[in-house]
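K.L.:
What follows is a structure written as structure tokens; I'll ask about it next.
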Amino acid sequence: MLSGTWLNAVGMTADEVLRVERLRAYYTSKRGLVRAVEDVSFSVNKGQCVALFGESGAGKTSVALAILGLFDRAARYYASVSGDEENKQLWRLRDEAKAKGLTSREMGLELPGVEGHIWFEGRDLLSLDETELRRIRGNRITYVPQGTRKSMNPYLTVEQQTAEPMRVHDEDGTLTRDEAMRRVLEALRLVELNEVDIRRLQKPPDLSVGEDQRVLIAMALVTRPSLLIADEPATAVDVGVRSRIIEALEIARSEMGLAMLLISNDQGIVADLADQVAVMSAGRIMEFGTAERVLLSPGHPFTRAFLMSNPSMEILRRIREKGLRIRGIPGSPPDPVSPPQGCPFHPRCQFADDLCGREVPEYRQVEEGHWVFCHKYEELPEW
Ligand SMILES: Nc1ncnc2c1ncn2[C@@H]1O[C@H](COP(=O)(O)OP(=O)(O)OP(=O)(O)O)[C@@H](O)[C@H]1O
Ligand code: SF4
Ligand SMILES: [Mg+2]
């Protein structure tokens, strides 16, 4: 099993920067618990880029929020503003479970919030308190969020914005102005912002689309993190801007040797940046393997359907060769409040049978390092 293999290993390997084990993350809502992330395991090595690739609502950002220790805050928001007593009670029980060191299962309840393990630099982030997490977040682990402009302060110059994460994390006040400036310029040059000496004095409204994204990437690099999470880093931008953003991320990874978790539903970006790909749907990893195998020889029916619904040039060529038609995935993604029994893809899968509707599949290793979450892998037609 995918999770089993990683779970059985004791401790992190020397190269592993992040290891996520059996992660589960549930929100509360008016309709009940939203099962956004279900039994997700993967790891990211130093200098490696792993992509969480999948459809909208698959739970990709929720995984990022869990790693950053921000999931509960986002998830509690609804319960706190809605005045929904039942949900408030669920969060109280979650706090009680945490204080006692118990899981939902040990409490005999289904509770909102995050469970599992998130190992980073030898510690389980889920066991840390907010003060400890604050030292890591925005410092050792940085985040380039989905949606750019609203993450910037329109009144600060590029230089001030970029220096901000260093300032916030300079707890003992040892960072000198010269050192801060040196690192700001280094980060802005790394993301290839043109005419840095002039641009550093400008404010976000003076930046073009794409430049603002690169400044956000510089902000995520300036503390010299060991893990950078980039959430949909180049969506809704034109081709030129997109390639410059991808280049900036690629340079950052190779020059700084950082581990990168890329979140995207764009196979072009994933193909350009990722070494390994975890395909996500309905809160689960459907397939995991090298970018080349997963994108060119996908084993899972969901991956195949997802790639076909928005094909790259390579996939287009294959579709034509085989006389197939481009089509979207039929039906809608499952409702995370009441997910289907068995394989979460079964209501939309053309190969589903009774077993698929009854039992959750296990991960099968179909070749070295390539895992597929499907009961019927052996019976599927060749891709
Ligand atoms: N604050 C919240 N409260 C309740 N449900 C939420 C909340 N935020 C997200 N969800 C739900 O959790 C599920 C996973 O959402 P998430 O944002 O992680 O998906 P995603 O894969 O990042 O999607 P996208 O590609 O659209 O960004 C979705 O069903 C979403 O509607
Ligand atoms: S387990 Fe069954 S329903 Fe799920 S992807 Fe495989 S064939 Fe389709
Ligand atoms: Mg998202």
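Throughout, read-outs are computed from the coordinates displayed, never taken from laboratory work. The shown structure was predicted, so the numbers you read here are calculated from the model rather than taken from an experiment. Because the Cβ atoms are built from the backbone with ideal geometry, glycine has one as well, and the counts that use them run over all protein chains shown.
K.L.:
Give me the distance between the Cα centres of the stretch 26-45 and the stretch 191-217, rounded to whole Å.
P.N.:
About 35 Å separates the Cα centre of the stretch 26-45 from the one of the stretch 191-217.
K.L.:
Here is a further query. Using each residue's phi in the stretch 167-181, evaluate 6.51 cos²θ - 1.76 cosθ + 1.60 at θ = phi - 60° and report the 3J(HN,Hα) Karplus result to the nearest Hz, with x for Gly and Pro.
P.N.:
Once θ is set to phi - 60°, the couplings for the stretch 167-181 become 4, 4, 9, 7, 5, 8, x, 9, 6, 7, 4, 5, 5, 4, 4 Hz.
K.L.:
To continue, here is another question. State, to one decimal in nm, how far the label point of Glu186 lies from the label point of Lys203, with both points 7 Å from Cα in the Cβ direction.
P.N.:
3.0
K.L.:
What order do you get for 95-101, 207-213, 269-275 when each peptide is scored by the mean count of other beta carbon atoms within 10 Å, highest first?
P.N.:
269-275, 207-213, 95-101
K.L.:
While we're looking at this one, here's another question. Could you identify which residue out of Asp266, Asp172, Asp72 has the top mean-square fluctuation in a GNM of the chain using Cα springs shorter than 10 Å?
P.N.:
Among Asp266, Asp172, Asp72, the largest mean-square fluctuation in the Gaussian network model of the chain belongs to Asp172.
K.L.:
Mind checking which of Ser254, Leu70, Val372 is farthest towards the positive end of the chain's charge dipole, using Cβ charges of +1 (Lys, Arg) and -1 (Asp, Glu) about the Cα centre?
P.N.:
Going by the Cα projections, it comes out as Leu70.
K.L.:
Turning to a different aspect of this structure: Counting only residues 5 or more places away or on other chains, whose amide H sits under 5 Å from the amide H of Asp335 once H atoms are built in the peptide plane?
P.N.:
Those lying under 5 Å, H to H, from Asp335: there are none.
K.L.:
Calculate the dipole size of the stretch 71-133 relative to its Cα centre from +1 charges on Lys and Arg beta carbons and -1 charges on Asp and Glu beta carbons; express the result in debye to the nearest 20. Let's see the in-between values first.
P.N.:
Working: 9 positive and 14 negative charges, 15 e Å.
Dipole of the stretch 71-133, to the nearest 20 debye: 80 debye.
K.L.:
While we're looking at this one, here's another question. Relative to the present Cα-Cα distance, how much length would full extension add between Ala14 and Glu359 at 0.36 nm per residue of separation?
P.N.:
Numbers: separation 345, 0.36 × 345 = 124.20 nm, distance 3.61 nm.
Stretched fully, the Ala14-Glu359 segment lengthens by 120.6 nm.
K.L.:
List the lysines whose Cα lies under 17 Å from the Cα of Lys150, skipping any in the same chain that are fewer than 8 positions away.
P.N.:
Once the sequence-local lysines are set aside, what remains near Lys150 is Lys203.
K.L.:
If the reach is capped at under 27 angstrom between alpha carbons, list the lysines near Lys88, excluding any in the same chain fewer than eight residues apart.
P.N.:
Those lysines meeting the cut-off are Lys30, Lys60, Lys98, Lys100.
K.L.:
Output ³J(HN,Hα) for the stretch 196-203: one whole-Hz value per residue in order, computed from phi by the Karplus curve 6.51 cos²θ - 1.76 cosθ + 1.60 with θ = phi - 60°, and x for Gly and Pro.
P.N.:
3, 4, 8, 5, 5, 8, 7, 10
K.L.:
Okay, moving on. Rank-order 50-61, 279-290 by packing density, defined as the average count of other C-beta atoms within 10 Å over each peptide's residues, highest first.
P.N.:
So the peptides 50-61, 279-290, ranked by packing, come out 279-290, 50-61.
K.L.:
Among His370, His300, what is the fewest-to-most ranking by other Cβ atoms within 10 Å?
P.N.:
Details: His370 18, His300 27.
Ascending number of Cβ neighbours within 10 Å: His370, His300.
K.L.:
Here's a follow-up. Taking the Cβ of each residue in Trp383, Trp91 as the centre, tally the other Cβ atoms inside 10 Å and list the residues starting with the fewest.
P.N.:
Values: Trp383 15, Trp91 18.
Exposure proxy ranking, most exposed first: Trp383, Trp91.
K.L.:
Then there is this: Enumerate the amide H contacts of Asn45 below 5 Å, restricted to partners 5 or more residues apart or on another chain; note that Pro and chain-start residues carry no placed amide H.
P.N.:
Val17
K.L.:
Projected onto the charge dipole of the stretch 300-383 (+1 at Lys/Arg Cβ, -1 at Asp/Glu Cβ, origin at the Cα centre), which of Ile319, Ala305, Pro334 gives the Cα projection farthest towards the positive end?
P.N.:
It is Ile319, whose Cα lies furthest towards the positive end.
K.L.:
With charges set only on the Cβ (+1 for Lys and Arg, -1 for Asp and Glu), what does the dipole of the stretch 229-371 come to about its Cα centre, in debye to the nearest 20? Walk me through the intermediate numbers first.
P.N.:
On the way: 15 positive and 20 negative charges, 125 e Å.
Using only the charged Cβ atoms, the result is roughly 600 debye.
K.L.:
Calculate the dipole size of the chain relative to its Cα centre from +1 charges on Lys and Arg beta carbons and -1 charges on Asp and Glu beta carbons; express the result in debye to the nearest 20.
P.N.:
Values: 49 positive and 57 negative charges, 141 e Å.
Here the size comes out at about 680 debye.
K.L.:
Taking amide H positions as placed in the peptide plane 1.01 Å from N, state which residues far from Gly54 in sequence (5 or more) or on other chains have amide H under 5 Å from it.
P.N.:
Correct list: Ser264, Asn265, Met280.
K.L.:
What order do you get for Ser297, Ser332, Ser309 when you list them from fewest to most C-beta neighbours inside 10 Å? Before the final figure, lay out the partial values.
P.N.:
Details: Ser297 16, Ser332 10, Ser309 13.
Final ranking by Cβ density, sparse to dense: Ser332, Ser309, Ser297.
K.L.:
For the chain, what relative contact order do you get, as a whole percent, if you take Cα pairs closer than 8 Å and at least 6 residues apart?
P.N.:
Working: 681 pairs, mean separation 76.9, N = 383.
About 20 percent, as a whole number.
K.L.:
May I pose another question? Counting other C-beta atoms within 10 Å, and keeping those with at most 14, which DSSP coil trypsin sites (Lys or Arg not before Pro) do you find in the stretch 151-248?
P.N.:
On the way: sites: Arg167, Arg177, Arg182, Arg183, Arg189, Arg199, Arg200, Arg214, Arg242, Arg244; in loops: Arg200.
Loop-located and lightly packed - none at all.
K.L.:
Using the Kirkwood radius over Cα pairs, work out the Stokes-Einstein diffusion coefficient for the chain at 10 °C and 1.306 mPa s, in µm²/s as a whole number. Show your work: numbers first, answer last.
P.N.:
Values: Rh = 22.0 Å.
Answer, rounded: 72 µm²/s.
K.L.:
Moving on to the next point. Using the Karplus curve 6.51 cos²θ - 1.76 cosθ + 1.60 with θ = phi - 60°, what ³J(HN,Hα) values do you get for each residue of the stretch 277-287, in whole Hz, with x for Gly and Pro?
P.N.:
10, 10, 8, 10, 8, 6, x, 10, 8, 8, 7
K.L.:
So for each of 346-356, 252-262 I average, over its residues, the number of other beta carbons within 10 Å; can you give me the resulting order with the highest mean first? Walk me through the numbers before you get to the answer.
P.N.:
On the way: 346-356: 16.1, 252-262: 20.1.
Per-residue mean Cβ counts within 10 Å order the peptides as 252-262, 346-356.
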